[in-house]
1. Remind me, relative contact order of the range 54-121 in percent, using alpha carbon pairs under 8 angstrom and six or more residues apart?
2. Kirkwood hydrodynamic radius of the chain from all distinct Cα pairs, in Å?
3. What is the list of residues in the range 65-95 whose amide nitrogen lies under 17 Å from a point 7 angstrom out from the Cα of Ser121, following Cα to Cβ?
4. Highest mean first, how do 86-92, 59-65 rank when packing is the count of other Cβ atoms within 10 Å averaged over residues?
5. Heavy atoms only, probe 1.4 Å: what % of the accessible area of the range 21-78 goes to carbon and sulfur, would you let me know?
6. Which value, in Å to one decimal place, does the Kirkwood hydrodynamic radius take for the range 1-68 when every pair of different Cα atoms is included?
7. Take the Cα of Lys75, step 7 Å along the line toward its Cβ, and report every residue of the range 14-45 whose backbone nitrogen sits under 12 Å from that point.
8. Excluding ligands and nucleic acids, what accessible area in Å² is computed for Met82 using a 1.4 Å probe, to the nearest 10?
Amino acid sequence: QVQLVESGGGLVQSGGSLRLTCAASSSIFSIGTMGWYRQAPGKQRELVATITSGGTTNYADSVKGRFTISRDNAKNTVYLQMNSLEPEDTAVYYCNANARLLGAPGRNYYWGQGTQVTVSS
């Protein structure tokens, strides 16, 4: 089982920055696309950004120009740099990875436990 460990959440004022980190542990053969999703109270979980193993990125319109996703394939780690944060960005942020374990026939999607990001006005 792949374990995704997130860190970097917290409380920040509007206009501030945070950097989220998600590290995948366990016996991993390969990881494809990794990404960040978020869920605000009373709302559905939504895509924030994704990045393929080759570095191709995709962003939600609401975060384009403010957030940057990146990854370190050697460390099986994905990052989310969040700048110019707004109160509307307040949510629990979840890491997601499409990974294949050693000895497994194919890939599955795995989720982290979530990290809270709160932006005060």
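1. Values: 80 pairs, mean separation 17.9, N = 68.
It rounds to 26 percent for the range 54-121.
2. Details: mean 1/r = 0.0692 Å⁻¹.
Kirkwood hydrodynamic radius for the chain: 14.4 Å.
3. Once the point is set 7 Å along Cα→Cβ of Ser121, 85-91 turn out to lie under 17 Å by backbone N, inside the range 65-95.
4. Values: 86-92: 16.7, 59-65: 13.3.
Going from most to least packed, we get 86-92, 59-65.
5. Values: 1380 of 3010 Å².
Solvent-exposed carbon and sulfur of the range 21-78 make up 46 percent of the total.
6. Values: mean 1/r = 0.0719 Å⁻¹.
Its Kirkwood hydrodynamic radius stands at 13.9 Å.
7. Hits in the range 14-45 for Lys75 at 12 Å: 20-24.
8. 0
The values are calculated or read from the model by the stated rules, or taken from the named source; none is laboratory data. Owing to the predicted nature of the structure, the values given are computational and were not obtained by experimental measurement. Neighbour counts are summed over all protein chains in view; Cβ atoms, including those assigned to glycine, are modelled from backbone coordinates with ideal geometry. In case anyone asks, the SASA skips ligands and DNA or RNA and just uses the protein heavy atoms, side chains included. Shrake-Rupley method; radii C 1.70, N 1.55, O 1.52, S 1.80 Å.
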